[in-house]
Amino acid sequence: MNIFRLLGDMCHLVAIIILFLKIWRSKSCAGISGKSQVLFALVFTTRYLDLFTSFISVYNTVMKVVFLVLAYATVYLIYLRFRSTYNSESDSFRVEFLLVPVAGLSFLENYAFAPLEILWTFSIYLESVAILPQLFMITKTGEAESITTHYLFFLGLYRALYLANWVWRYHTEGFFDQIAVVSGVVQTIFYCDFFYLYFTKVLRGSGKMTLP
Amino acid sequence: ITKMPLKDEL
């Protein structure tokens, strides 16, 4: 554990809590892509199956359980509790265009051809593209509430901090996870355009982020 | 890809 990894995990946790509380308090999931949240729930489910097979640390186990519970609670809020506020017509990204290539790639490029290993690889690849329905929704509607942009900012910061974590681990431990690093770089790139808009529009302006 | 790293991250 290093400072980049710890800060990265905390940003990830903050992002998920921001989104959950936004929906819970406003009793509305307007502007939120339910599809992205289902994909993230799928990411955690397929990656954290090792909760049953290996123990890393109390921190690791607790965080995994918290992420899983919050991911499913968010999906529950969007699709069941506050379903009437969900903008399904704007959330029109075709997730099969992500799921099929990601599933195919996880069978082709993995560390070992075993069920748990393929599911773990699938989760890594899927996480790198899971935010695309949300970014697509913002592009389509042309705006996002500031709280939604704060959620995306912390999610992007988590990714950037994980990159720093891998650089650190490579130099201090010789640790290198090729699948995670390549996917992580791809994932972080998706946030670059958003980061630019966040700093130029949201922080300098006020309220909603509108696209040019 | 050959070497499998430890899965100790989230």
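The values are calculated or read from the model by the stated rules, or taken from the named source; none is laboratory data. In this text the structure is predicted, and so the values were computed from the model without any measurement. Counting neighbours? That spans all protein chains shown, and the Cβs are built from the backbone with ideal geometry, glycine included.
The table below lists the values:
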{"quantity": "The stretch A:33-57, residues that are crowded, with 17+ Cβ neighbours inside 10 Å, among the aromatic types (Phe, Trp, Tyr) and more than 12 Å from chain B (Cβ to nearest Cβ)", "calculated": "A:Phe40"}
{"quantity": "Residue satisfying condition, being over 21 Å from A:Thr46 (Cα atoms) and in contact with a helix residue (DSSP H, G or I) (Cβ under 6 Å, 6 or more places away or on another chain), within set A:Phe136, A:Phe154", "calculated": "A:Phe154"}
{"quantity": "Residue in the stretch A:144-173 that is farthest from A:Pro133 (Cα to Cα), counting only those that are small (Gly, Ala, Ser) and at pLDDT 95 or above", "calculated": "A:Ala164"}
{"quantity": "Selection from the stretch A:159-186 of residues that are of a type in the set (Gly, Ala, Ser), more than 8 Å from chain B (Cβ to nearest Cβ) and surrounded by 15 or more Cβ atoms within 10 Å (Cβ to Cβ)", "calculated": "A:Ala160, A:Ala164, A:Ser183, A:Gly184"}
{"quantity": "Residue that is nearest to the other protein chains (Cβ to nearest Cβ) [pool: residues in the stretch A:119-158 that are of a type in the set (Asp, Glu) and more than 14 Å from the chain's Cα centre (by Cα)]", "calculated": "A:Glu145"}
{"quantity": "The listed residue being buried (at least 20 other Cβ atoms within 10 Å of the Cβ) and more than 17 Å from the chain's Cα centre (by Cα), out of A:Asn87, A:Asn60", "calculated": "A:Asn60"}
{"quantity": "Evaluation of A:Phe176 against (1) of a type in the set (Phe, Trp, Tyr); (2) in contact with a helix residue (DSSP H, G or I) (Cβ under 8 Å, 6 or more places away or on another chain); (3) in a helix (DSSP H, G or I) (one fails), failing number", "calculated": "(3)"}
{"quantity": "Long-range neighbours under 8 Å by Cβ, at least six apart or interchain, first residue in a helix (DSSP H, G or I) within the stretch A:141-155, second among the polar types (S, T, N, Q) and modelled with pLDDT under 95", "calculated": "A:Ser146/A:Ser206"}
{"quantity": "Only one of A:Val66, A:Val102, A:Val62 that is within 11 Å of chain B (Cβ to nearest Cβ), under 27 Å from A:Phe176 (Cβ atoms) and part of a helix (DSSP H, G or I)", "calculated": "A:Val62"}
